[in-house]
Structure formats: C-alpha cells, structure tokens
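Asks: This is the structure I have questions about; it appears just below.
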Amino acid sequence: MDFSFLPKYYTFFLEGGKNTLIIALFTVLFGTALGLVLSLMKLSSNKLVKFISTSYIEFMRGTPILVQLYIVYYGLPVIGIELPDILAGIVTLSLNSGAYVAEVIRAGINAVDKGQTEAARSLGMSNSLTMKEIIIPQAFKNILPALGNEFITIIKESSIVSVIGIHELMYKANTVRGNIFRPFEPLIIVALMYFILTFTCSKLLGIAEGRLKRVDSH
C-alpha cells in the first residue's frame, strides 16, 4: 500500500473529520430535544398527541435514512424550503435520531420509581413540575450510556450525507480517491479516523459514567 499522498491531502481528512464532528454534535443536540418532546407526547394521556408521536417514531424508524435525506434535500425545495447542504444533513439526521432517542428517554422515564411521582404530588407539585424537576433529571442519568451510544452511532451514520455533497469524512475520502486514482488507501485512513473518533467518545463516556456513579454514591 502507498500512503505517499498523505502529506498533500492530510488537510482534506482533517477538515472532513471536523465537519463530521460538527454534524454529529448538532444532530445529538437537536435529536435529543426532539426525542424528549416525542417521548413526553407518547406518554401523554391525550390519544391524539400519543398517536402523532407514535406514528412519527414508527415511520422514521421504519424507513431508510437515505430516503429521508432525499425527501429533505430534494423534496423541501419543491414546497419552497431550500436548506444549505450541511443544514439539510443535520435536519435529516436529527429527525431520524429523535425517533430513536424518544424511545430511549421514554424507557428512562418509565424506569424512575413511581413512588417519587407520588411523593411529589403529595407535596402539591403539578405533573409538569414533577416531570421537569424530578423525573426527567433522573431519567437522563439512567440513559446517559444510551445517549452516548447514539452519539457514536451518529458519527458513523453521518457518512450518508456525503451523497448530497457535504464535505465530511467520506466525501473527502472519495475526493482523494478520485484525485490519486487509488481506491483503497484513502478508505483505510477514513476507517482509522472514524475509529479514533468513536473510541475517544466511548472512553469519554465511560469517564462521565464513572463520575456520575461516584456522585450518586456520596
């Protein structure tokens, strides 16, 4: 194998890695916010609200993310909504991630001891205040590992946005492959970079979990 192209093209890969992290970070933020809303909707006693949330989650989980990306990127301009390439990618990944995060958060909320809700209500706290101050904070502690895994998954899945020209890792690798006429070596570099990103995130997540456990034990 010949990696002599690296001194010339290493900045391509670094820029791609930076864009991948930016996409993943914003996707996690927006996806978690959407997932929280969807989970509360699904837990609602209002049948219409629950139906809307359930239908959305099932549709997003039951259709390929590539199709969703094309709908956002090519479909929205038809109705007069044009998004920059990177924003279209973030929106698509966030809409998709939100459906999965919603189920994670819902499970976390359901895992919180029901006695705490009853105790809060006995103190005169409303349902919304109980959820905001007691249930959701504890639920997020319980689901931190799952949310971390979602971030790692998004880092890998973000490669799909290369098909609409977003300059993330996979797009940069394909550019280099076309320039040097070597199909294999750039993919090895990208695979190693994805591994470094996901492995680092996994270790940081483990440190955060350990600190939370120590805090809870005191």
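Asks: Let me have the relative contact order for the range 112-218, percent, based on Cα pairs under 8 Å that are six or more residues apart.
Replies: On the way: 47 pairs, mean separation 25.4, N = 107.
About 24 percent, as a whole number.
Asks: Which sequence of Glu150, Glu15 reflects their accessible areas, 1.4 Å probe, from the largest down? Each step should come with its number before you reach the end.
Replies: Numbers: Glu150 35, Glu15 80 Å².
The ordering from most to least exposed comes out as Glu15, Glu150.
Asks: Pop the C-beta distance of Lys50 and Leu29 into the FRET formula with R0 = 30 Å and round what comes out to the nearest 0.05.
Replies: My answer for the efficiency is 0.75.
Asks: Another one. May I ask you to rank Phe184, Phe3 by accessible area, largest first, using a 1.4 Å probe over the protein chains only? Don't jump to the answer; show the numbers that get you there.
Replies: Numbers: Phe184 110, Phe3 65 Å².
My answer, sorted largest first, is Phe184, Phe3.
Asks: While we're on this one: Where in the range 158-178 does the label zone of Tyr74 land, with the point 7 angstrom along Cα→C-beta and an amide N cut-off under 17 Å?
Replies: 160-166
Asks: So how do Thr20, Thr32 rank on accessible area, 1.4 Å probe, biggest first, that is with the largest at the start? Please list the in-between numbers first.
Replies: On the way: Thr20 0, Thr32 30 Å².
Per-residue accessible area, sorted high to low, gives Thr32, Thr20.
Asks: Same structure, new question: Using Cα-Cα distances under 8 Å and only pairs 6 or more residues apart, what relative contact order does the chain have, in percent? Could the numbers behind the result be given before it?
Replies: On the way: 217 pairs, mean separation 63.4, N = 218.
Relative contact order, the chain: 29 percent.
Asks: What is the distance, in nm, between label points placed 7 Å from the Cα along the Cα-to-Cβ direction at Arg182 and at Asn110?
Replies: Placing both labels 7 Å along Cα→Cβ, they lie 5.2 nm apart.
Asks: P(r) for the range 27-86: what percent of alpha-carbon pairs falls in each 5 Å bin, starting at zero?
Replies: P(r) for the range 27-86, in whole percents per bin: 4, 16, 17, 21, 22, 14, 6, 1.
Asks: Something else now. In whole Hz, with x marking every Gly and Pro, tabulate ³J(HN,Hα) for the range 40-46 from phi via Karplus 6.51 cos²θ - 1.76 cosθ + 1.60, θ = phi - 60°.
Replies: Computed from phi, the couplings for the range 40-46 are 5, 5, 5, 8, 5, 7, 6 Hz.
Asks: Report, ordered by chain and residue number, the lysines lying within cross-link reach of Lys203, taken as a straight Cα distance under 21 Å and ignoring same-chain residues fewer than 8 apart.
Replies: List returned: Lys18, Lys141, Lys156, Lys213.
Asks: Enter the mean projected area of the convex hull around the alpha-carbon atoms of the range 47-202, in nm², rounded to one decimal.
Replies: Working: hull surface 49.6 nm².
Dividing the Cα hull surface by four gives the mean projection, 12.4 nm².
Asks: OK, next. For the pair Leu144/Leu192, report the inter-label distance in nm, with labels modelled 7 Å from Cα in the Cβ direction.
Replies: About 3.3 nm separates the two model spin labels.
The values are calculated or read from the model by the stated rules, or taken from the named source; none is laboratory data. Nothing here was measured: the structure is a model prediction, and the numbers come from that model. In this analysis, Cβ positions are derived from the backbone assuming ideal geometry, glycine residues included, and neighbour counts consider all displayed protein chains. Note: accessible area is taken over every heavy atom of the protein model, side chains too, but ligands, DNA and RNA are not part of it. Shrake-Rupley method; radii C 1.70, N 1.55, O 1.52, S 1.80 Å.
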